[in-house]
Amino acid sequence: MPRQSDLRFTFEPLKGDAFDVVSFTLEEGLSQPFKLHLELASHNAAIDFNNVLDLAGLFTIWRGEMPVRYVHGLVSLFTQGDTGFHRTRYTAVIEPTLARFDLRSNWRIFQGQTVPDIITSVLAEHRLTDIRREICFDHQRREYCVQAGETDLDFIARLAAEEGLLYTFEHRDDGHTLVLTDRVGGLGTIGTHKHCPVIYQPMAGGEATEPALTRFHYTEQVRTARQVQRDYTFTHPRYDQQHTATGDQDLKNQHKDYERYDYPGRYKRDIAGKPFTKTRLTALRNDAKLAHLAGDDARLQPGLAFDLNEHPREDFNDRWRTIAITHEGKQHTSLQEESFGSGLGTSYSLKASAIRWTSDWKAPLRDKPCIDGPQIATVVGPPGEEIYCDEWGRVKVQFPWDRSDKNNDHSSCWIRVAQGWAGATWGAMAVPRIGQELIIGYLDGDPDQPIATGRTYRETNLPPYELPKHKTRMTIKSQTHKGNGFNELRFEDELGHEEVFIHAEKDKNVHVKHDNTTFVGNNRKEEVGNDEQITIGNDQSHVIGRDHTLSSGRDHETTVGRDRSERVGNNRYDTTTANHHSEVGGHCQQTISGQHRLTAGQGIHHTTTVYQLQASERVVFQSPGGSLTLDAQGIHLNGIAITLRGPVNATNPGNGQALKLQLQPETGQACVEKNR
């Protein structure tokens with residue numbers, strides 16, 4: 001470690017007196033919090049820890065009276081050690097404010113924000129506002145992003161690596177700034193943009209005249225040459241979402257077929273898939289071409305570029321960008337007479353890694369939390385709604401771990417719901433209702449991809465029937481939307497009480513495109529509260545084993561398009577309380593095997609053109625005053641009195657002569673006809 005007589009180190013806490021720095025180690029790099037270990041000495045053997053721990057401190061590297069480097073941060077650890085003759089030894093660890101974010105973890109949801117915005121909001125939540133964003137490219141909004149139990153620091157680092165962002169720190173004597181960028185080339189240089197030389201002096205030794213690099217080792221190593229990845233989205237299920245990125249010009253010294261294939265790629269659109277794939281390949285190849293440095297130029301910082309001068313290989317005399325550095329320094333004079341090496345003075349050295357300034361660099365991907373099993377959530381929606389879904393039947397939920405307690409349509413993203421059957425416009429569909437409990441699974445364990453896989457009852461959502469009292473019942477029972485009714489299909493499997501129960505709160509429609517067969521082993525009862533209409537396109541047949549009773553409270557009308565045939569196996573009784581009217585458009589024929597008896601309480605009136613009455617044995621007309629009988633013997637007319645009005649013509653069709661009687665009916669005389 002070269003000794004430099006004009007170097008010195010100081011450390012000043014926010015409160016109290018400054019310490020003497022005995023030694024230090026500073027580790028810093030892109031996309032990682034720096035850590036400064038300090039060995040300190042003080043004449044005060046009773047430092048108040050309240051004046052040091054968790055407060056700001058400033059470490060400075062001086063060259064002469066000029067500060068070469070500031071390191072500002074918070075004291076994370078403070079230890080009091082041994083006390084010598086005049087001084088007490090202390091140890092301190094200095095870290096950036098960002099390191100405190102590793103002490104906090106959370107479960108929470110971000111929606112509709114870009115990764116730079118998410119990171120900024122997490123930082124601002126804990127009053128880390130000394131931030132400078134240097135965002136050059138467009139970053140897509142993430143529909144749904146979950147911090148699933150990660151520390152805030154791990155969450156920030158993971159999102160930044162996924163999105164191709166990196167961060168570093170700029171130090172001042174009164175603070176430090178977190179720089180967030182998506183382009184390493186925009187981080188600047190150690191000096192002005194045109195003048196930032198660093199000398200290469202491998203043979204330097206003893207008292208160095210100026211800072212330099214004493215070692216410059218350049219390495220190329222075989223790394224992944226091609227990154228291929230796919231993902232899936234239900235909105236475009238046939239599109240494989242495959243994207244490929246290759247190393248192109250970086251592959252001159254290696255084969256190009258070293259391919260890494262990842263699934264899922266954790267993107268749902270090409271506009272995100274293409275940069276994600278390129279970012280992952282860049283991260284996999286971030287050490288494919290790397291320079292390893294050693295020296296004592298304290299100006300080197302992560303992300304800042306420098307110009308290498310005086311290297312014997314000309315193409316190395318180029319601009320390089322530091323990626324990670326470890327600084328070490330000792331200041332023996334701080335212990336004076338209490339140290340064996342107090343006369344050795346001050347020494348400083350560094351070891352670093354760097355890439356060419358034209359190369360890109362991305363942080364390695366961080367492991368994403370994997371949800372080990374399902375979680376419980378409650379369906380939510382906007383105020384006043386009972387059912388809230390989108391065109392795919394997705395719903396929104398409130399997780400028990402979400403402390404925002406929104407309990408509305410902004411509590412989560414739209415979450416797909418597993419159904420019993422999912423075809424192309426056919427299948428089963430039951431949209432979970434607000435207030436119901438869902439079992440949430442995660443695709444590939446990804447907290448950003450929830451899916452509802454089941455539903456469960458709970459104290460506020462009890463089963464339709466009391467259990468275990470009705471343990472033999474299986475039911476599908478709904479509830480009227482914004483009402484108190486329900487529809488139900490229920491099965492009762494209790495021995496001796498087996499039943500299939502169907503309840504329609506309003507309408508019931510059954511559509512059978514071919515045959516419909518119903519078998520009832522015992523009784524059947526059907527009740528219609530209002531009207532019933534049956535339309536049959538062809539024939540209808542009823543077979544009744546015993547009696548058939550039809551009762552109409554009012555009218556009964558039957559219309560037959562063609563013929564009507566009715567057969568009664570035994571007796572038939574028709575009773576009409578009022579009038580009976582029959583109208584026959586053509587002929588009317590009745591055939592009666594036995595007797596035909598017609599009784600009219602008031603009268604019988606027949607009106608026709610021709611009235612023919614034919615009997616094979618006898619025709620009898622009977623009235624209270626007499627009778628007329630027509631039989632094989634002739635015509636027999638009997639009466640109390642027989643009155644004929646008008647002329648009477650009698651013709652004997654036999655061998656006898658015709659008898660003509662002309663009577664004067666008005667005389668009222670009896671007429672007796674005698675056969676001759």
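Worth pointing out:
- Only helices enter the 222 nm calculation for the chain: every DSSP H run of n ≥ 4 contributes -39,500 (n - 2.57), and dividing by all residues gives -2000 deg cm²/dmol, rounded to 500.
- In the stretch 570-638, the chymotrypsin sites (Phe, Trp or Tyr not before Pro) that fall in loop regions by DSSP, at most 14 other Cβ within 10 Å: TYR573, TYR611
- Interchain or long-range residues, amide H under 5 Å from GLU150's placed H: ASN106
- Distances between placed amide hydrogens fall under 5 Å for GLN113 paired with ARG142, all partners being 5 or more residues away or on another chain.
- Sorting MET66, MET474 from the fewest to the most surrounding beta carbons within 10 angstrom yields MET66, MET474.
- Each distinct pair of alpha carbons in the stretch 370-481 adds a 1/r term; the inverse of their mean, the Kirkwood radius, is 15.2 Å.
- The stretch 600-614 - phi-based ³J(HN,Hα) in whole Hz, Karplus 6.51/-1.76/1.60, Gly and Pro as x: 10, x, 10, x, 10, 10, 10, 10, 7, 7, 10, 10, 10, 10, 10
- Projecting the Cα positions of VAL115, ILE434, THR79 onto the charge dipole of the chain (unit charges on Cβ atoms of Lys, Arg, Asp and Glu, taken about the Cα centre) puts ILE434 furthest along the positive direction.
- 3J(HN,Hα) along the stretch 94-102: 10, 9, x, 4, 4, 4, 5, 6, 7 Hz, from the Karplus curve 6.51 cos²θ - 1.76 cosθ + 1.60 with θ = phi - 60°, whole Hz, x for Gly and Pro.
- Shape summary of the stretch 7-98, radius of gyration then Dmax from alpha carbon positions: 12.9, 43 Å.
- Cleavage-rule hits (chymotrypsin sites (Phe, Trp or Tyr not before Pro)) in the stretch 183-249: DSSP loop, at most 14 neighbouring Cβ within 10 angstrom: PHE234, TYR239
- Highest mean first, the peptides 434-445, 633-644, 414-425 sorted by other C-beta atoms within 10 Å per residue fall in the order 434-445, 414-425, 633-644.
- Cα gyration tensor category, rounded, prolate or oblate, for the chain with a/c compared to 1.5: prolate
- Dipole of the chain [Lys/Arg +1, Asp/Glu -1 at C-beta], most positive-end residue of GLY454, GLY164, LEU40: GLY454
- Counting neighbouring beta carbons within 10 Å and listing from fewest to most, the residues VAL71, VAL431, VAL560 come out as VAL560, VAL431, VAL71.
- Taking amide H atoms as placed 1.01 Å from N in the peptide plane, the amide H of ARG455 lies under 5 Å from those of ILE439, each 5 or more residues away in sequence or on another chain.
- Across the stretch 478-495, rounded Karplus estimates of 3J(HN,Hα) from the backbone phi angles (6.51 cos²θ - 1.76 cosθ + 1.60, θ = phi - 60°) give 9, 9, 4, 5, 6, x, 10, x, 7, 10, 8, 10, 10, 10, 10, 10, 5, 4 Hz, Gly and Pro being marked x.
- Ratio of Rg to Rh for the stretch 458-609: 1.13 [Cα atoms; Kirkwood radius as inverse mean 1/r over pairs].
- Applying a DSSP loop filter and a limit of 10 other Cβ atoms within 10 Å to the GluC sites (Glu not before Pro) in the stretch 299-397 leaves GLU391.
- Cα gyration tensor, the stretch 538-640 - rounded (a/c under 1.5), prolate or oblate: prolate
- Debye equation applied to the C-alpha atoms of the stretch 222-284, log10 I(q)/I(0) at 0.13, 0.21, 0.23, 0.27 Å⁻¹: -0.35, -0.76, -0.86, -1.07
- Beta bridge orientation in the stretch 222-284: antiparallel %, DSSP, nearest 5: 50
- log₁₀ of I(q)/I(0) at q = 0.11, 0.12, 0.16 Å⁻¹ - the stretch 180-331, Debye sum with one point per alpha carbon: -0.60, -0.68, -0.96
- Cross-link partners of LYS268 among aspartates and glutamates (Cα-Cα below 17 Å; sequence separation of 8 or more within a chain): ASP138, GLU143, GLU162, GLU163, ASP231, ASP240, ASP444, ASP446, ASP448
- For the stretch 222-284, with +1 on Lys and Arg beta carbons and -1 on Asp and Glu, the positive-most of HIS255, PHE234, LEU281 along the dipole: PHE234
All of the numbers you see were taken from the coordinates with simple rules; none came from a lab. These figures come from a predicted structure and were not determined experimentally. All Cβ positions, even for glycine, are placed from backbone atoms using ideal geometry, and neighbour counts span all protein chains on display.
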